[in-house]
Amino acid sequence: MTRAIPLAWSPADAAALEQVQATLDHWLITTPAADQPAVARALAHLRTTLGRLGRPPGVAPGVSAALTGGALAAVDQARLAVEAALAAGGEEQPEVCAPLRQALEPLYVRERDAFAWENHHFNQMRRELGALAVWSLFGAGDLRAPHPLGPVSRLLYRVHWGPVAVERPIRGDTWLDLYRAAEACIRASGDRHHLFIEELMPVADRVATLELRTGS
């Protein structure tokens with residue numbers, strides 16, 4: 001039996017994030033380099049990026065693999081910017097940056113665990129559906145849960161290697177219902193090269209319609 005990962009962070013996730021913020025605050029006080037303008041700007045950006053992790057990962061106006069899977073990648077890029085600013089200021093990287101990396105470690109562990117669970121769950125759902133399509137929207141969590149994209153009833157698939165655009169109904173309000181509709185679109189398109197579901201975006205001039213975009 002599989003377990004569900006909620007869309008919002010659990011109390012344990014929130015506690016890990018709070019500990020990271022506390023460690024970062026202490027690091028700011030004890031590291032003289034934090035007074036350098038470039039380092040201060042980079043650290044402010046890191047704190048802002050960390051703050052976004054506490055929000056549910058539903059992304060509006062659409063959901064893409066790059067956005068839902070990129071939260072921790074953004075944190076890591078912010079950390080690298082801090083390290084680059086420190087290096088430019090002549091600080092010893094190993095001594096100064098090791099505590100920063102250590103502070104972020106609980107988030108990396110959480111992300112690895114969530115990715116491993118989702119990868120297993122998505123593969124299981126694919127087997128149960130007998131699907132050609134591969135779900136690649138990491139961050140959705142349990143595909144049997146309701147999605148946050150609002151009331152939608154049609155899925156449009158225009159950018160593919162088949163001869164014509166394809167449109168199929170969305171019957172239900174879960175991620176799995178979107179998966180089924182995407183599978184139907186991909187099969188109808190005739191394109192057997194682009195099977196990875198990577199984006200589900202609203203169509204500007206259509207009511208209750210999402211557009212499917214795929215990769216290979």
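The values are calculated or read from the model by the stated rules, or taken from the named source; none is laboratory data. The structure displayed is predicted, hence computed values, not measured ones. Backbone-built Cβ (ideal geometry, glycine too); neighbour counts: all protein chains shown.
The table that follows gives values for the structure above.
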read-out: Extreme residue, surrounded by the fewest Cβ atoms within 10 Å (Cβ to Cβ), among residues of region 168-193 that are modelled with pLDDT of 95 or more and among the β-branched types (Val, Ile, Thr); value: 170
read-out: Every residue from region 182-202 that is over 14 Å from residue 165 (Cα atoms) and in contact with a strand residue (DSSP E or B) (Cβ under 7 Å, 6 or more places away or on another chain); value: 194, 195, 196, 197, 198, 199, 200, 201, 202
read-out: Residue within region 152-163 that is of a type in the set (Ser, Thr, Tyr) and either surrounded by fewer than 20 Cβ atoms within 10 Å (Cβ to Cβ) or not in a helix (DSSP H, G or I) (or both) present; value: yes
read-out: Filtered residues of region 31-46 (kept if farther than 12 Å from residue 85 by Cα, exposed (fewer than 14 other Cβ atoms within 10 Å of the Cβ) and either of a type in the set (A, V, I, L, M, F, W, C) or at pLDDT 70 or above (or both)); value: 44
read-out: Only one of 162, 141 that is at positive phi and in the same structural domain as residue 209 (by TED's automatic domain parsing); value: 141
read-out: Lone unmet requirement of (1) within 14 Å of residue 134 (Cβ to Cβ); (2) among the hydrophobic types (A, V, I, L, M, F, W, C); (3) more than 23 Å from the chain's Cα centre (by Cα) for residue 212; value: (3)
